[in-house]
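Chemist: One structure, pasted below without further comment.
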Amino acid sequence: MKLSSSPLSTIRFLNFNSPLIISPLSFNFPKTTFTHFPNFSIHTTTSSPAITAEESQLSPPKPLPHLPWLIVGLGNPGKKYNATRHNVGFEMVDAIAESEGISINNVNFKALLGRGFIGNVPVMLAKPQTFMNSSGESVGSIVSHYKIPLKQVLVVYDDLDLPFAKLRLLPKGGHGGHNGMRSIIDRLKGSRDFPRLRIGIGRPPGKMDAVNFVLRPFNKQEREELEFTFECGIEAVRILLLEGFDKSATFVNSTKAMEQLG
């Protein structure tokens, strides 16, 4: 699969050994958190040194660093489930990791984890290994431990109610009958206020049971279509993190915008 990628020279990996201190304007991570980013901290003060008029014209104010994001792809662990419809959330996160040069090679909180940057935004990529119906055990633990605001948690998963290979980005919502999402919402104490990127897998043919359908692999033609879907998803995530939800949703949910990428 050919994916657009950013130069590896722009990717900075995280140091697990040095703590991060963030001011009250941000959220507080424990000293053992994943956000051990080089040169990443926010400082506030009630006073500042005197700045001359000349200095103020020559030195524009520095922008505040971006807050970390958690991007979760849902699926089932094990070779038995590789490349099945229910695992497109895993595949999308893998595509993001490959594109951005982030290695998903750590295990914690019952998940495979990768830490790095998209542009200048620190991110954690997560693939829960609890099996789909218990995804909330992993996601809830990560969110709670690192105190990540729910608006900074993106969940990527398969959706039977969307046409095959279509994407839909929403700011919040219910589980829609998806057991992985139901588990996450339950673990987040019923909160539904987190963004989600849905990937359409279509409806089962004829009278096929939905459970059997989601565990089927994709055929060759479907796999080719998914390559474009993953490219669009990567771009959508970049826009979301760097430019905001509204611009990303316009891109994802607009057929014209998606066609322009192709």
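Throughout, read-outs are computed from the coordinates displayed, never taken from laboratory work. These numbers come from a predicted model, not from an experiment. We place every Cβ from the backbone using ideal geometry, glycine too, and count neighbours over all the protein chains shown.
Chemist: Taking Rh as the Kirkwood radius, which is the inverse of the mean 1/r over Cα pairs, what is the Rg/Rh value for the stretch 131-235?
Modeler: Dividing the radius of gyration by the Kirkwood radius yields 0.99.
Chemist: Sort 221-228, 151-158, 238-245, 95-102 for me by packing, meaning the mean count of neighbouring Cβ atoms within 10 Å per residue, highest on top. Walk me through the numbers before you get to the answer.
Modeler: Details: 221-228: 13.9, 151-158: 22.9, 238-245: 17.5, 95-102: 21.2.
Ranked from most to least packed, the peptides come out as 151-158, 95-102, 238-245, 221-228.
Chemist: On to the next question. Could you order peptides 143-150, 69-76 by the average number of other Cβ atoms within 10 Å of their residues, highest first?
Modeler: Descending mean neighbour count gives 69-76, 143-150.
Chemist: Which pairs break 22 Å Cα to Cα here: Lys80/Lys166; Lys147/Lys172; Lys110/Lys247; Lys110/Lys147?
Modeler: Lys80/Lys166; Lys110/Lys247
Chemist: When ranked by the protection proxy of mean other Cβ atoms within 10 Å per residue, highest first, what sequence do the peptides 108-117, 166-175 form?
Modeler: Sorting 108-117, 166-175 by mean packing, highest first, produces 108-117, 166-175.
Chemist: Okay, next question. Where the eigenvalues come from the Cα gyration tensor of the stretch 69-253, what are the semi-axes √(5λ) of the equivalent ellipsoid, largest first, in whole Å? Please list the in-between numbers first.
Modeler: Values: eigenvalues 104, 70, 54 Å².
One finds semi-axes of 23, 19, 16 Å for the stretch 69-253.
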